[in-house]
Structure formats: structure tokens, C-alpha cells
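**Student:** Provided herewith is a single structure, encoded as C-alpha cells, for subsequent inquiry.
The values are calculated or read from the model by the stated rules, or taken from the named source; none is laboratory data. Keep in mind the model is a prediction, meaning the values are calculated, not measured. When we count neighbours, we look across all protein chains shown, and the Cβ atoms used for this are built from the backbone with ideal geometry, even at glycine. Keep in mind that these areas ignore ligands, DNA and RNA; they rest on the heavy atoms of the full protein, side chains included. Shrake-Rupley method; radii C 1.70, N 1.55, O 1.52, S 1.80 Å.
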Amino acid sequence: MAEIANAIHRGQLLPGTRVPSVRSYALNNHVSLNSVKTAYRLLEDKGLIFARPQSGYFVCESLPELKDFLPEIVESNLLKLSGMDNLLAIILGHQREGRYIDLALACPVGESFYPLNRLRKLTTKIARSATTFRPRYTMPAASPKLSTQIARRGVQLGMHLCAEDILITHGTMEALNIAVRAATRSGDSVAVETPSFFNLYPMLEQLGRKIINIPTHPRQGMCLDSLEKIIIDQNIKAVITIPSGHNPLGFSMPLENRKRLAEMAARHHFAVIEDAMYAELQFTTPVIPNIKAFDKEGWVMICASYTKTVAPDFRLGWLEAGRFRNIAHQMKFTTSVAESSLLSEVLGEFLENGSYDLHLRHLKRLYVQQIDTVRACIANSFPRGTHVSRPQGGFILWIEMPKCVDAIELFHSAIKENIICMPGVVCSRLVHFSHCLRLAVCFILDQAHRHAIKRLGELACIQYNVKKSAFHDSDEFTS
């Protein structure tokens, strides 16, 4: 095994590279399988290789994970939303053009990520049904089958949902929008994790809610001690959280924290709006139950969708609004009435026949592999001192570069080379994250995307070296 260890130390085996299988190494070197297994375990203990289920052994990345941080949130350090909106407009505008390599948006692209063939067959079958098209409007309970399947799947995440309480929405964004409007009023304070899903900020501003940023740990999630201190002072009426496969930090909130947050909501009478978009894409076994599983008095509202896992163009999401059920259902009816009964039936059928569980297992294996590969690419291309998250679910990486690297400046440099990335300040509005990037890994890892990641790292290195040379102070430019 010394030869493998030496090859790794010399850089001949790069991070993410697959090492010979136990069987092939035993055959080629005329040793027993048990001897190879023992040696590989020693290499694992030394942190040189790691096992990927059903795939083999791979070289560990030298890339460090995110440091523990809980930034002090000072109002004067918040950037204007107008500036963030301009960055989003540029990202979305270029993304539509098609000639850019998109590393920014968390929208899976490619047939590897969706069960398209199965959906085509189901859609054709259901569309031919004599009862599919009726000469009347679709009402909010568009598909009892879909609602029933959502409730059934909730059991796997510790929830006991009633199909009649589940509201089918136009994706997760409408579900979040309805949840906020149902639980709060204009001028109310809503607490969010920092950083968080970038679309929350403009949505809350447009609804006239006051945004309260809560420090968030990269592996533990929202700092509940900080939240508890300001609940009364800030008169918090709702908390929005993404506890599983967090966007953008990738953590899954520990079980005890989920229980505590549900208990806090009941004790202080505020709504917890749980975005469970990535709950079924947790990499741990068994999966951690949703916060909703610990809700006894209806203060936890939970929403999700199938746009990132099954059918992006169906735009089907859902909301279970707890004690806010009636007003949420009324708001849906007075805004968009209902979703397509045809598409709802197709999705309900897909969930019912067991195809979804098989597809989820495929997605989890694929995203774990994508994350490992992209982290290795970042390790080989980005400046020394770069730290990157290791997600516990989902498909989003958070990159923390040396503090001298300005992510907005990097964004504009990348745009000139037809590469789209997302500066971390878009996900936080905090100056503290001005050297961070959010990078999605939900694309086919072809040569063009690999080159784009490499080139993005090279551009960061150019900026790093220029600023390091200008200031002549290397300590300032390390992690």
C-alpha cells in the first residue's frame, strides 16, 4: 500500500481519483483479498482514501471544509437589496441566453436528473383517460391521489399528515409566499438563516416584512440561542428555515435542534416555515425527521416541491399550513385558484407506483459523486486557503475563498468568459460573505463544465495574487 500512499503524496493520484478495486489490486499484486482490505482500511484511517458505496475507493480531497463561523450581524454591514436584485437580473438574463456555462442556479439540467421516460408514458396514459379532461374548472383539491401520496411519503420523515390539509401549489416559492402571508402581516418581523435561499430576501421585502438575520453555523444550522434572545425584543412572528440539505450551506440541522425549534415555536407562538425541498435528498441513513414531525400545536408549516427531483416544468409544490390551514387555502384560491389536474394526476401516479424511491436512490448516488468530483476540481484550481462545504444533502456547495478575493469582482470577470457564478452576498446581503460563492453541482460534469470550474478558480487565483502583491502582507490573504 505504500505505493498508493506515495502516489497520493506526490500528486500522481489526484483528489477524487478512483484507486484500484480490492479485487483488481489483489489479482495484479498476487496478494489475498483480506490483505488488501486491511491495507485500504489503514489508508482510510490516515485520511488518504474513502469508500463510496457500490463505487469503490477514491482519493480524499485535500480541500478543507468550512470553518466554524457565526458572523456578527450588524445592520450597517447589510448591502442594499437593489444591488442584489441587479446581480440576480444579470444571472437570470445570461442564463436564458444559453451560451453561458451556468454554475449558479440550483436547477438540475440533463436527463440523468429526471425520470423523463417514465413521466412521458404516464402523461400519455392519463391524458388518454376519458375522465382526464372535464368541462369545468379545476378546484384546489385538484388531485386527491397526489395529496394522498404526499401524506403517505411524509411518514418516512416522521410526519403524520392528513391529505385534506395538503395544499397543492405552484412550486415551493408559491408555498413559501402563502405561508408568510398566512402567518404574518405587513410590518411583522420574519427571522431567516444567514446565509439563506437568495429568493427569500426580495420576496419578504415585496411583502413588507422586516427581515431578521440569524447567525447560522455551517454544520449545526440556525443559532437557536441567538434566536431565543431576540424573539421577544424583535417580536418575531415567523422563522423560515431549510433544515435538510440547507441552501446554500448544505448542512442538515441536528435532531435535537429540530425538536428545540418546534418547542420554541409553541412556547412563544410564532410560525416555523420549514422549506423541505431537499429533505428526501439527505445522504444520511436513516434520514433525519422534519421539524414538522415534532409539531404538536400546528405552529410548524412545511412546504416542498418536485421541481428539483421529478418534473421541473410541472411546477408542482405543496404546503401543509398547520393552524394556518384555512387562511392558506383561501389565499391559494384567491390568487391562482388551483394547479393542473392532469399534471397532478401524473405526479400522483408516479409517486404511487414506487418509481420515486428508485429514482431518489439514483439521485443520491449521483449527487454524492458530483459533490466529491467538484470539490476535487475546486481543490486543484482555487487559491490556497479556500474552504468548501461538504453537503449532507442536496446539490449545492458553499465556497469560502481567502478574504482578499472579492466574489462580485470574480463574478464579473467570469461573465466575460461566459461563466455564471453566484456571489455569496446574494444569499445573505452581508459584507461578511463578500469572499464567498454559491455553486450548484446539478449539471452533467462534461468537459465544458469542468473547464468552467477550473477557469473560475484560475480567475480567483489571479485576483488573489494581484491583491497579495499589492499589499505585501501574506497573512491577510490566508484562510
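**Student:** Against the condition open to solvent by less than 40 Å² (accessible area, probe 1.4 Å) and modelled with pLDDT of 95 or more, how does Ala265 come out, does it pass?
**Tutor:** Working: open to solvent by less than 40 Å² (accessible area, probe 1.4 Å): yes; modelled with pLDDT of 95 or more: yes.
Yes; evaluated as a whole, the condition is true for this residue.
**Student:** Restricting region 196-207 to residues that are at pLDDT 95 or above and open to solvent by less than 30 Å² (accessible area, probe 1.4 Å), which is nearest to Val388 (Cα to Cα)?
**Tutor:** Ser196
**Student:** With respect to Thr309, determine if the residue is open to solvent by less than 10 Å² (accessible area, probe 1.4 Å) and closer than 28 Å to Val388 by Cβ.
**Tutor:** Numbers: open to solvent by less than 10 Å² (accessible area, probe 1.4 Å): yes; closer than 28 Å to Val388 by Cβ: yes.
Against the criterion (open to solvent by less than 10 Å² (accessible area, probe 1.4 Å) and closer than 28 Å to Val388 by Cβ), Thr309 qualifies.
**Student:** Taking Arg390 and the conditions (1) assigned to a loop (DSSP other than H, G, I, E, B); (2) under 23 Å from the mean Cα position of the chain (by Cα); (3) surrounded by 23 or more Cβ atoms within 10 Å (Cβ to Cβ), which numbered condition does it fall short on, given that it satisfies the others?
**Tutor:** (3)
**Student:** Filter region 414-434 down to residues that are at pLDDT below 95 and open to solvent by 10 Å² or more (accessible area, probe 1.4 Å), then give me how many there are.
**Tutor:** Qualifying residue count, region 414-434: 4.
**Student:** Further, regarding this structure: If Val155 passes every condition in (1) open to solvent by 70 Å² or more (accessible area, probe 1.4 Å); (2) at pLDDT below 80; (3) among the hydrophobic types (A, V, I, L, M, F, W, C) but one, which one does it miss?
**Tutor:** Val155 satisfies all of (1) open to solvent by 70 Å² or more (accessible area, probe 1.4 Å); (2) at pLDDT below 80; (3) among the hydrophobic types (A, V, I, L, M, F, W, C) except (2).
**Student:** When you go through (1) buried (at least 17 other Cβ atoms within 10 Å of the Cβ); (2) over 25 Å from Asn257 (Cα atoms) one by one for Met222, which number turns out not to apply?
**Tutor:** (2)
**Student:** Tell me which residues, restricted to region 181-195, are open to solvent by less than 30 Å² (accessible area, probe 1.4 Å) and of a type in the set (D, E, K, R).
**Tutor:** Filtering region 181-195 down to residues open to solvent by less than 30 Å² (accessible area, probe 1.4 Å) leaves 182-184, 189-195.
Answer for region 181-195, where residues must be open to solvent by less than 30 Å² (accessible area, probe 1.4 Å) and of a type in the set (D, E, K, R): just Glu193.
**Student:** Across region 91-103, what is the number of residues that are open to solvent by less than 80 Å² (accessible area, probe 1.4 Å) and without any contact (Cβ under 8 Å) to a residue 60 or more places away in the chain?
**Tutor:** From region 91-103, those open to solvent by less than 80 Å² (accessible area, probe 1.4 Å) are 91-95, 98, 100-103; that's our starting set.
If we keep only those that are without any contact (Cβ under 8 Å) to a residue 60 or more places away in the chain too, we end up with 92-93, 98.
Selection size over region 91-103: 3.
**Student:** Next question, about the same structure. Across region 414-425, what is the total count of residues that are part of a strand (DSSP E or B) and either free of Cβ contacts under 8 Å to residues at least 60 places away in the same chain or within 11 Å of Cys436 (Cα to Cα) (or both)? Let's see the steps before the verdict.
**Tutor:** If we filter region 414-425 for residues that are part of a strand (DSSP E or B), which is where we start, we get 419-420, 422-423.
After this cut, where a residue has to be either free of Cβ contacts under 8 Å to residues at least 60 places away in the same chain or within 11 Å of Cys436 (Cα to Cα) (or both) as well, the list is 422-423.
Final tally of qualifying residues: 2.
Here's the yes/no breakdown for (1) open to solvent by 10 Å² or more (accessible area, probe 1.4 Å); (2) touching a Leu at 6+ places or on another chain (Cβ under 7 Å); (3) acidic (Asp, Glu):
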{"site": "His362", "(1), (2), (3)": "yes, no, no"}
{"site": "Asn380", "(1), (2), (3)": "yes, yes, no"}
{"site": "Phe395", "(1), (2), (3)": "no, no, no"}
{"site": "Lys403", "(1), (2), (3)": "yes, no, no"}
{"site": "Ala407", "(1), (2), (3)": "no, yes, no"}
{"site": "His412", "(1), (2), (3)": "yes, no, no"}
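**Student:** Here is a follow-up. Restricting the search to region 448-470, which residues are basic (Lys, Arg) and either more than 17 Å from Leu437 (Cα to Cα) or open to solvent by 60 Å² or more (accessible area, probe 1.4 Å) (or both)? So that I can check it myself, show each step before the final result.
**Tutor:** Here is the first cut: in region 448-470, the residues basic (Lys, Arg) are 450, 454-455, 467-468.
Result: Arg450, Lys454, Lys467, Lys468.
**Student:** Given Leu13, Leu33, which one is surrounded by 12 or more Cβ atoms within 10 Å (Cβ to Cβ) and modelled with pLDDT of 85 or more?
**Tutor:** Numbers: Leu13 fails: modelled with pLDDT of 85 or more.
Result of the check over Leu13, Leu33: Leu33.
**Student:** Also, I was wondering about something else. Does any residue in region 74-90 that is over 14 Å from Ile420 (Cα atoms) come within less than 6 Å, Cβ to Cβ, of a residue that is at pLDDT 70 or above and open to solvent by 60 Å² or more (accessible area, probe 1.4 Å) six or more places away or on a different chain, and which pairs are these?
**Tutor:** Asn77/Val431; Leu81/Glu205
Conditions (1) on the phi > 0 side of the Ramachandran plot; (2) touching a residue at least 40 places away in the same chain (Cβ under 8 Å), marked per residue:
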{"site": "Arg375", "(1), (2)": "no, yes"}
{"site": "Gly385", "(1), (2)": "yes, yes"}
{"site": "Val388", "(1), (2)": "no, yes"}
{"site": "Met401", "(1), (2)": "no, yes"}
{"site": "His412", "(1), (2)": "no, no"}
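**Student:** Let me ask you something else. Taking region 283-297 on its own, how many of its residues are open to solvent by less than 10 Å² (accessible area, probe 1.4 Å) and either over 16 Å from Gly250 (Cα atoms) or not in a loop (DSSP other than H, G, I, E, B) (or both)? Explain how you work it out, then say what you get.
**Tutor:** The first filter runs over region 283-297 and keeps only residues open to solvent by less than 10 Å² (accessible area, probe 1.4 Å), leaving 290-291.
Adding the requirement that they be either over 16 Å from Gly250 (Cα atoms) or not in a loop (DSSP other than H, G, I, E, B) (or both) leaves 291.
Total satisfying the criteria: 1.
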